[in-house]
Each structure stands twice: as C-alpha cells, then as structure tokens.
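Any read-out appearing in this document is the output of simple, stated calculations on the displayed coordinates, not a laboratory observation. All of these numbers come straight from a predicted model, not from anything done at the bench. All Cβ positions, even for glycine, are placed from backbone atoms using ideal geometry, and neighbour counts span all protein chains on display.
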Amino acid sequence: MKLTQPQIDFLVKFRERLGTKEFLIATFNVLYTRPVVDIPSIEEARSTSGCTVGKYAEATEITKPAIGTDAAPHPPVPAIPGDIIFLQSGEDRCYGYLDDVAVDEDLTYVVRFLASELTESPLSIEDTFTIKTGMINSYNRSDELTSVGRFVLNQVVLGSTLGEVISYVNEQWDQRKLEKTVAKLVLEDKVSIAQFETFMDHVYFLGHFTKLNAPSSTPRSLYTDPRIAKRKEELIEENRANLHDPLVIRRIEQELIAMDRKFLEGDEATTVYEAQGSKTIEVHRKKMFLSVGGIQAFSEDPSEFEFIENSLEEGWEVSDFHVRANETRKSIYGRGKETAKGGEQTKFILRIFQDLEVVADDCGTTRGLETFLKKEDIPGLLGRTIVIGAKSQPLDEKLANSLVNKVVKLRSPMYCEQHGGICYKCTRDTYEKIGTGSISMSAMEVTSTFLSLSMKSVHGTVIKSKTIDVLDYIVDM
C-alpha cells in the first residue's frame with residue numbers, strides 16, 4: 001500500500017526516533033491502548049491532510065483508555081513530539097500524532113491527522129512511497145519508489161551511524177555484502193572505529209524487532225503444491241535402482257524443491273525464507289512437505305546414503321525407522337564429538353598464538369614469500385606488503401592488478417625479523433588500522449569455523465555436487 005502524504009510527513013519528520021524501542025512498537029503495531037485527544041470533527045481532520053487540527057491546554061486531556069471504553073481520568077502523560085495518539089470525535093476515532101509540545105504555562109499540544117484505519121498499524125514495513133532528496137541524509141539522487149522497511153534500515157543502521165558515507169540502499173539488503181563494504185571503509189579510514197561500533201549496536205538493536213514484520217506463517221507456507229506428490233512418485237520409480245546414489249538423490253530433491261519454490265512465488269513468507277538462507281527451503285520445508293530425502297548412512301563410508309521417500313507430514317514408515325534412528329543418533333553423537341574436536345583445536349591454536357603480538361611498525365626485512373599472483377587472489381591480499389627490489393610497498397588494488405600472473409615477494413610473518421614479536425608490515429595493515437597488536441583472535445577464526453559447521457550439521461544438511469575440470473588444476477610449466 002502507498003503511504004498518504006500525512007504518513008510520509010510523519011515518517012520523515014520523526015525519522016530520528018526510529019532508533020528507539022517505544023517508537024518502533026507504537027508505529028508498526030496495532031495497539032488498542034493509546035493516548036486520546038478530543039477534536040471537533042474526524043472528517044475535518046481527514047480533509048486537512050496533516051495540518052494542525054487542534055491545540056489543547058490541559059495535559060490531563062490526554063488519557064489512555066482502550067478502544068470501545070469511556071475515557072477514564074488519567075494523570076498527566078509525558079508527551080514527546082512523534083507520539084502516536086487517537087484523535088476522537090464522538091464515537092469516531094483515527095490515528096493522529098503529537099506534532100509539537102509548546103513550552104509555556106499551559107503546556108499546549110499541537111496534533112495532526114495520521115491515518116484512518118485503526119484495524120491496521122499506523123505504518124507498515126511493506127508500505128511504499130516516493131523518496132526524495134532531503135528526506136534522509138544518505139539520499140541525494142532523483143526520486144525513486146522505496147519501502148518503509150528500507151527507509152527504517154537506512155536511517156537506523158546507516159544514516160544515524162555512518163552519515164552519508166554509504167548512499168541509500170534501495171534494494172534487498174545483502175548482509176555479507178554490507179559487512180564487507182563497511183569493513184573496507186574502516187580500513188580506508190572513511191569510517192572510524194567508534195562509528196563502526198555504533199553501526200554494529202544498531203544492527204543488533206533492529207534484530208530484536210523482527211516480530212514486527214515476520215510473515216512466516218501464511219496459509220501457503222503451511223503446505224506445498226499438491227502436484228509434487230505425484231511427481232515425487234514418478235521420480236522415485238524412474239530411479240528406484242539408484243536411490244543410494246547421492247547424485248541421483250540430489251537430482252530428485254532439486255526438482256521437487258524447484259516446484260516448491262515456484263509454488264511459493266509471491267507469497268509473503270518468502271521474505272522470511274530468503275532472509276534465513278537456502279537451508280530453510282532446501283532442508284526444513286523439504287523434510288516437512290516434500291521428502292526427508294537423502295540421509296548419510298550409518299557407515300564408515302561417507303559416500304553411502306539412504307533415501308526416505310515420505311515427508312514428515314506424510315508420516316513414518318516402519319521400514320524407515322532404523323534410518324531415522326541412525327540419523328538421530330549420528331547427529332547427536334557427531335555434534336558432541338565434532339564440537340569437542342573444534343573446541344580442542346581452538347584451545348590449541350590459542351595457546352600457540354596467545355603471546356604473539358605485533359610490536360613494531362617495520363622490521364626492515366627484504367625477504368618474503370614468493371607467490372604467483374592470480375586475479376582471484378587479489379581481494380584476499382589487499383593490505384599486505386610486497387617487496388619490489390629493496391623496497392617494501394603496500395599492495396593496493398591498482399598495484400595488484402598490474403602484477404597479475406606474475407611472481408611477487410609477499411612480506412610474511414614467516415620471514416619477519418622483529419625481536420619479541422612481529423611487525424605490521426609482515427602481517428596486514430588491518431591490525432594497525434584497528435589499533436590492535438594481538439593476532440590470536442584471527443588465528444581462532446580457522447578453528448571456530450570447524451566448530452560452527454559441526455554444530456550446524458545437527459539441524460540438517462544438504463547434498464551438493466560440484467563439477468571439476470581437472471585441467472584447471474594442471475600447471476602449465
């Protein structure tokens with residue numbers, strides 16, 4: 001639904017309050033208990049489209065009755081501009097808001113009309129409007145259609161923390177892409193550490209409000225395309241002799257999953273599925289509605305698989321009971337064992353690197369690790385230092401591109417000659433820019449990845465395949 005002009009005016013004027021819990025709850029919820037202000041006419045309020053509709057000299061006139069009940073006396077309510085209220089005229093009510101609280105002896109209130117429909121929230125994340133330059137500090141281009149949700153994200157996560165450093169993002173947000181963008185800006189000294197910390201605080205803050213807009217339980221999300229059952233039977237009969245082959249299982253599952261995705265197209269629940277990643281559809285919905293599918297056999301050979309035809313909705317077959325029991329036992333045992341292994345490796349790595357620190361700017365060595373620089377390696381090497389002749393130079397994108405398909409001498413901790421630790425030039429400029437000399441946490445990222453994978457595996461895994469061309473791995477000497 002498109003916002004009306006009064007709603008747009010309200011959203012833009014009080015955008016700074018979007019970073020507060022009370023404001024978000026009041027704006028994106030149907031609350032039946034709000035302050036009430038009497039006005040002469042609801043029709044007059046509607047027709048004025050957001051202009052001033054009343055001034056009230058007594059704070060006690062703002063009360064908190066529920067819809068359908070009489071306005072009971074209430075102590076004076078602390079009023080803040082932007083507070084959403086009910087405007088009332090006789091039996092009629094609409095949404096309004098406090099636009100101004102005059103600082104005078106009478107403490108007068110200026111209220112404005114906001115919206116008419118009380119069975120819906122004052123604003124919705126899905127509502128759309130045309131954004132223009134000046135509505136938010138990060139937007140400075142021609143008019144575009146945007147959503148309230150994107151406006152909230154840009155204001156709370158970017159605009160109020162990073163200012164105009166990142167332009168308004170008017171597309172579905174990619175978390176990893178955004179994190180990489182901000183991290184790069186930190187390394188380029190365009191975003192301070194303090195700004196970055198505030199940015200992360202605001203990201204986690206908004207994460208607590210997904211319930212305001214999480215349409216995961218729509219009618220269509222509770223079942224799947226009825227035609228899938230028939231197609232599943234056909235695929236199973238066609239491949240009956242090869243249902244232990246993981247590649248065959250993968251093909252069957254992928255076709256059924258594709259049909260399920262097609263069935264969900266346009267449904268509100270897909271916004272939640274997309275945000276949670278492919279596992280929601282490829283594991284959770286697949287097992288619930290399509291087929292439990294391929295399960296790694298309880299065997300020492302990791303290439304052995306069992307296939308369960310029924311979905312969880314269709315129920316269990318006695319003939320599959322041992323497979324389900326083995327999967328449950330394997331998942332629980334595997335999680336415990338692999339988690340312990342990951343924890344052990346993490347502690348081992350920490351003991352090795354806990355006393356290793358960056359203690360100097362440059363040890364002065366001209367030695368380094370000779371590396372063949374390929375185009376795809378550049379992102380992972382930016383910020384390192386290379387040796388050209390007898391000089392050390394920081395490797396930026398321009399220099400790296402000029403050295404593609406050449407052997408470069410890369411400064412490395414392996415060749416660092418600094419006493420009592422290592423130097424910044426033999427590591428990466430990241431440590432210097434973020435103001436830390438400890439590298440133990442970076443080393444732990446490797447083992448923490450193993451730990452994370454083992455913990456996730458208990459919630460279900462996806463069979464995937466990859467085609468490899470052997471010629472890609474043959475070096476032409």
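Tabulated results
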item: Per-pair calculated FRET efficiency, R0 = 30 Å: THR467 and MET414 via Cβ, rounded to 0.05; result: 0.30
item: The stretch 193-208 - phi-based ³J(HN,Hα) in whole Hz, Karplus 6.51/-1.76/1.60, Gly and Pro as x; result: 4, 4, 5, 5, 5, 5, 4, 5, 4, 6, 4, 5, 4, 5, x, 7
item: By average C-beta atoms within 10 angstrom, highest first, the peptides 314-320, 149-155; result: 149-155, 314-320
item: Percent RCO, i.e. relative contact order, over the stretch 235-346, from Cα pairs under 8 Å lying at least 6 residues apart; result: 23 percent
item: Cα centroid separation, the stretch 335-391 to the stretch 251-268 (Å); result: 42 Å
item: Centroid-to-centroid separation of the stretch 396-420 and the stretch 189-231 [C-alpha atoms, Å]; result: 40 Å
item: Sorted by Cβ neighbour density within 10 Å, fewest at the top, the residues ARG46, ARG329; result: ARG329, ARG46
item: Burial ordering of THR27, THR449, fewest other beta-carbon atoms within 10 Å first; result: THR449, THR27
item: Exposure proxy order (Cβ contacts within 10 Å, fewest to most) of LYS287, LYS391; result: LYS391, LYS287
